[in-house]
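Right, one structure below, let's go through it.
The values are calculated or read from the model by the stated rules, or taken from the named source; none is laboratory data. Since we're looking at a predicted model, the values are computed, not measured. For neighbour counting, all protein chains shown are included, and Cβ atoms are generated from backbone atoms with ideal geometry for every residue, glycine included. Protein only, heavy atoms only, side chains kept; ligands, DNA and RNA dropped before computing areas. Shrake-Rupley method; radii C 1.70, N 1.55, O 1.52, S 1.80 Å.
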Amino acid sequence: MNGKECDNCIANCDQSSFSSSCNMPILRRSSRLVKIANPAVVKKSPYFAGSKPSENQLVSRSGSKTSKKDAKQDEFQSDCRTKFEPENWKRVLENIRQMRSEKNAPVDVMGAEKCADQWEARPEVTRFHVLVSLMLSSQTKDQVTHSAMEKLKSHELTVDSILQTDEKTIGTLIYPVSFWKTKAKHIKETARMLKETYDGDIPNTVENLCKLPGVGPKMAHLCMNIAWNQLTGIGVDTHVHRISNRLGWVSKETNIPEKTRLELESWLPR
């Protein structure tokens, strides 16, 4: 199948039109099948190809030297700012929206915004619920996260109540989420930081959210959107990262979700 035929297939196919003659890769999502175009083969930048940055590349704008890691990140962000827009992305996005129109996936009914008490709790408590649910959700199914949140809320889920609860009890309440011992420790430490630094509320910036234990960029951007109703960026997990690369929605292949986020934010309209 050539590139033109693939584009037409993505634009027009539905479940009934799949045929054995189509050799496009298929992504299985619940009971639905989604055809995904092979991304164009792109050349990696010299840096990722193995060449080392020059001494000048390791000097920041202020004139001070930075680490190679910082220089690598700066170069990647600069590459992302280069004009790039994948072909037919609007058509592909519309197809995805149609397939998700029923909103019957577990995340739709048990995601972070559904785990928080939005009716009876004070606003700062609701925001804390959102943060905790996101912390629990890492590498954990939505059903398990939702169940753990229900047990925590029945115990009383506030910053003060967590501070008064020992780590072992928190672990018992959130079990069997993945890495429950580590997450219990992070929740306890987070409650302490929120009490001491933010007067019992959660931070209202991505930068400060990422300073909390166990919170990364994906959680921070989602938390800003759900808890503070502020769109600060795209929450990219391993699934979004992998699918974006398969759709060709990145100008060059990325190897971690954070690089995929920068790529997507460089061209997707807000």
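Each row is one residue, and each column tells you yes or no for (1) at pLDDT below 95; (2) crowded, with 17+ Cβ neighbours inside 10 Å; (3) at positive phi.
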site	(1), (2), (3)
Ala227	no, yes, no
Ile234	no, yes, no
Ile256	no, no, no
Arg270	yes, no, no
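Kindly provide the set of residues from the range 90-136 that are polar (S, T, N, Q) and touching a residue at least 60 places away in the same chain (Cβ under 8 Å), ordered by number.
Asn95, Thr126
Table: residues versus (1) polar (S, T, N, Q); (2) open to solvent by 50 Å² or more (accessible area, probe 1.4 Å); (3) at pLDDT 95 or above.
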| residue | (1), (2), (3) |
| --- | --- |
| Gln118 | yes, yes, no |
| Thr145 | yes, no, yes |
| Glu150 | no, yes, yes |
| Asp199 | no, yes, yes |
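How many residues does the range 236-254 hold that are without any contact (Cβ under 8 Å) to a residue 12 or more places away in the chain and open to solvent by less than 50 Å² (accessible area, probe 1.4 Å)?
0
Of all residues in the range 176-197, count the ones that are among the hydroxyl-bearing types (Ser, Thr, Tyr) and open to solvent by 50 Å² or more (accessible area, probe 1.4 Å).
2
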